[in-house]
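The values are calculated or read from the model by the stated rules, or taken from the named source; none is laboratory data. All of these numbers come straight from a predicted model, not from anything done at the bench. All Cβ positions, glycine included, derive from the backbone under ideal geometry; neighbour counts span all protein chains shown.
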Amino acid sequence: MKRIVYFDACIFIAWLKNERRNDPDDLKAVQQIIDKVKKRELTVITSTITQVEVAACKVGKPILSKFDDLLKRKNLQRISVDIKTANMARELRDAYNSASFKSKSNTFTPLDAIHLATAILNRVNNFYTFDNELINHSNSNKIYNLTIGKPPCELSFL
């Protein structure tokens, strides 16, 4: 069975912009996952809102075409936001923006909540992001045992 992981929009943005990261292995790990996608060894899913987030970065047409080419692959699946996803996103955001959680981290944005709900509803175990606020919630009871973290540089488990 092929492994399925979720990419938050910031993963694509960092890869496309070739962002300078504190950990040089961050982009290496992203590239390894993308290489596995290209070899059809792995499936990555993301929300359709990722396209809007990437386009908002104004990376230029040549770089956007690199992203568009990647999106054409059948094992890079874009999941549309439907009523079920929107309802779960609202519940997640409400729960984490409540007074009992505010001391643990900053609030979830609506886009963060949509990404998390999309991953949960599609039964993804690994949610990859560079967003430290989201990483701080990994394996929280409210996040349905979803493992949230940076992409691993060593992909032997895939």
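Taken together, the criteria place Asp26 among residues that are over 21 Å from Arg123 (Cα atoms) and either in contact with a Pro (Cβ under 9 Å, 6 or more places away or on another chain) or modelled with pLDDT of 95 or more (or both). Looking at segment 35-54, is at least one residue closer than 22 Å to Glu133 by Cβ, crowded, with 16+ Cβ neighbours inside 10 Å, at pLDDT below 95 and among the small types (Gly, Ala, Ser)? Looking through segment 35-54, none of the residues is closer than 22 Å to Glu133 by Cβ, crowded, with 16+ Cβ neighbours inside 10 Å, at pLDDT below 95 and among the small types (Gly, Ala, Ser).
Yes/no per residue for (1) hydrophobic (A, V, I, L, M, F, W, C); (2) without any contact (Cβ under 8 Å) to a residue 24 or more places away in the chain; (3) at negative phi:
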position	(1), (2), (3)
Val52	yes, yes, yes
Lys58	no, yes, no
Lys84	no, no, yes
Met88	yes, no, yes
Arg93	no, yes, yes
Ser98	no, yes, yes
Ile135	yes, yes, yes
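Take Tyr144 and decide whether it is on the phi > 0 side of the Ramachandran plot, out of contact with any Gly (no Cβ under 7 Å at 6 or more places or on another chain), at pLDDT below 95 and among the hydroxyl-bearing types (Ser, Thr, Tyr). Yes.
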